[in-house]
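Below you'll find the structure, written out as structure tokens, and then a few comments.
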Amino acid sequence: MGKNNITSILKKFKKSSQKRKQLFLDGFELKMIYRTSKTENPETTHKMVKKVLKNM
């Protein structure tokens, strides 16, 4: 991913609505939790992560 591409993505994010930003951050959180958990426990699934986040 080049600098120009990253810059354009960040500009779009900055201009987007609060609701859209929150949706993006929620998805990002899910991905990061899954990646970290997958490293520690290879049997982790997306469904397991969603279930834990839903209970929070």
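The values are calculated or read from the model by the stated rules, or taken from the named source; none is laboratory data. These figures come from a predicted structure and were not determined experimentally. Neighbour counts are summed over all protein chains in view; Cβ atoms, including those assigned to glycine, are modelled from backbone coordinates with ideal geometry. Surface areas here come from the heavy atoms of the whole protein model, side chains and all, with no ligands, DNA or RNA. Shrake-Rupley method; radii C 1.70, N 1.55, O 1.52, S 1.80 Å.
General remarks:
- Helix 3-15 and the longest principal axis of the Cα set of the chain meet at an angle near 90°.
- Surface accessible to a 1.4 Å probe, per residue, for the residues of the chain, Å²: 98 Å²
- Options F28, V52, T39, ranked by Cα towards positive dipole end of segment 15-56, top entry (Cβ charges): F28
- Entries in K11/K51; K19/K54; K31/K54; K21/K50; K31/K51; K21/K54 that, when Cα-Cα distance is taken, lie over 23 Å: K11/K51
- In terms of the mean number of neighbouring beta-carbon atoms within 10 Å, the peptides 29-40, 45-56 order highest first as 29-40, 45-56.
- Rolling a 1.4 Å probe over the protein heavy atoms of the chain, with every protein chain left in place, gives an accessible area that is 59 percent carbon and sulfur.
- Cα pair distances in segment 5-51, grouped into 10 Å bins until the bin that holds the longest one, percent each: 24, 38, 26, 12
- Its DSSP H runs of at least 4 residues, each contributing -39,500 (n - 2.57), put the calculated 222 nm mean residue ellipticity of the chain at -27000 deg cm²/dmol, to the nearest 500.
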